[in-house]
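First up is the structure itself, then whatever we jot down about it.
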Amino acid sequence: MIILNKEARDEMKNRSFRSILLAFMISIIILMAFVNIYSIFATYSIEEQYRSMINNMFTINQVSRDINLSVFYFDKYFSTRVETNWKNYNASLNDAIDKLVALEGNLDKDSAIILRDLKNVIGSYQENADQAYKKLILSEKYDEFYPNFTEAKKVAGYVDEYVQRLNNSYLNYNGVIYQKLKQLTRMGRIIMVCLLVIITFMCIMFTIFFSKDITNPLNELVVASQKVSQGNFDIGGFKKSNINEINILFNDFNIMVKDIKGFIEEIKEKADIEKRLKDEEMKNLLFKNMLRDTQLKMLQSQINPHFLFNTLNTVTQMAIIENAPQTEKLINSISVLLRYSLNTVDERSTIGREVDIIKEYIYIQENRFKDRMNFVLDLDESLFNVEIPGMTLQPLVENAFIHGIEPKEDGGMISISIFKEDNFCNIRILDDGMGMSKEKVDRLLRDVDDTSYIGHTTGIGIKNVRNRLDIMYRGRSIFIIKSKPNIGTSINIKIPLEGLRDNDKTAYC
């Protein structure tokens, strides 16, 4: 003897519920299908019998009409001798005979006997009519064909009588059939009503039997969900149900409530952590801004003594050779350059002011190197109001001179072009000096520090110029370096003239 534990008995009980539910649904479906199929076939059978009755009655009436037409054309032929009338006679008579053949097998016994007699009468009519036609064709004498003519007319009179008898007999038969069909229809309605009553009774019993096990636990779940929606997660336990699916639902609902409660606590903890992180982030941002200001301030103090020494040397030699005016202008150019480098590194400037400083620098270098140095300026003055960081162009020109032209014994040329193209302010600094390898250009563009490309005047290198342009134009400026050893170097800067936000404070006027 096998003894089942409580969990096994509960599992069997749960399965029993599923089996009952499945059996109930299958039973309902089978009964409904039977009702529908029975209704369809019963209706189809009754419709077919009604259709057959109506078709047979219509055919009988058509036989009478066709015989009358044949008699009409028969008389007309003997009156007019027109061959078309004889053809119409034969066609009408053949139609009547074909309809009688179609009626065979569709009538009751009494009607079938009358149909047989009707066919004989029509045959006699056809025989006398054909004899009269042949005699008329052969002799055309009145006394030769007249007996058969009158006999055919006489027999044709009997045809209507037989058709009427066939019609009455078939009507009587149809009355009996109609009563049977009526009884069959009534019985079908009774069967369908009984089946519907049975189905309704089964549904009511199923609803009453299982409503307690289904609706009560669901009501309990609704109350618990309302508490959760109001923020109360202490819902307590649920009573165990006899339905396995509801127990699974209760268990999952408890897990969900527990997870939601845990998520809420986790979100609160994350919110606190994020708040602390944002506070730290604001402090770091403030610190970075302070570092940036410090870096810009440090640039002001980076004046190269070597440059000052060489320049003052040149000024001394010029003072010996010349008399005051040119020396005064040279000293003035040095003063303007130094004053501008100290005061504008941490400020916005314009291309026009930068060009003025470049001209002062060019004047100094031309006095130093005479014909060994050649500067070419191609400037669009409509772009002089475009804003750029202070000390942007002079360090680039100085780097081109120091690292490109100065090492060459025969000197060289530096070309500075400023022009507008595709809504960009383009600045191009081109020299035919020593040039650089591709590796060195890549190192400069990757923001790798290269102290060999730092200007003597201000200590501002290419990397610093590029970074300040990125900061000012929010990364929308373009900085390109192209160079080949012993051929020269080209530095191209593109500054956007349109499409910046108002708070970017761009500089195109």
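The values are calculated or read from the model by the stated rules, or taken from the named source; none is laboratory data. From a predicted model like this one, the values you see are computed outputs, not experimental measurements. For neighbour counting, all protein chains shown are included, and Cβ atoms are generated from backbone atoms with ideal geometry for every residue, glycine included. With ligands, DNA and RNA removed, areas are computed over all heavy atoms of the protein, side chains included. Shrake-Rupley method; radii C 1.70, N 1.55, O 1.52, S 1.80 Å.
Work out, step by step, the length gained on full extension between Ala23 and Asn90: first 0.36 nm times the residue separation, then minus their alpha carbon distance; give nm to one decimal. Walk me through the intermediate numbers first.
On the way: separation 67, 0.36 × 67 = 24.12 nm, distance 6.90 nm.
Full extension of this stretch gives 17.2 nm more.
Provide Met472, Met57 ordered by accessible surface of protein heavy atoms (probe 1.4 Å), highest first.
Met57, Met472
Give Lys359/Lys463; Lys119/Lys154; Lys438/Lys482; Lys370/Lys463 a once-over and call out the pairs whose C-alpha atoms are over 20 Å from each other.
Beyond 20 Å: Lys359/Lys463; Lys370/Lys463.
Would you calculate the separation in nanometres between label points at Val193 and Ile208, each defined as 7 Å from the Cα along the Cα-to-beta-carbon direction?
2.3
So for the stretch 360-450, averaging the separation of alpha carbon pairs under 8 Å that are six or more residues apart and normalising by length, what relative contact order in percent results?
With pairs under 8 Å counted, the relative contact order is 28 percent.
Take Arg368, Arg189, Arg353 and sort them by solvent-accessible surface of the protein heavy atoms, 1.4 Å probe, largest at the top.
Arg189, Arg353, Arg368
Enter the accessible area of Val223 (Å², nearest 10), with the probe set to 1.4 Å and all protein chains included.
80
So for the pair Thr59, Arg186, with labels modelled 7 Å out along Cα→Cβ, what separation do we get in nm?
Those two pseudo-labels are separated by 3.1 nm.
Starting from the Cα of Val176, move 7 Å in the Cα-to-Cβ direction to define the label point; list residues of the stretch 89-125 whose amide nitrogen is under 16 Å from there.
Counting only backbone N, you get 105-115.
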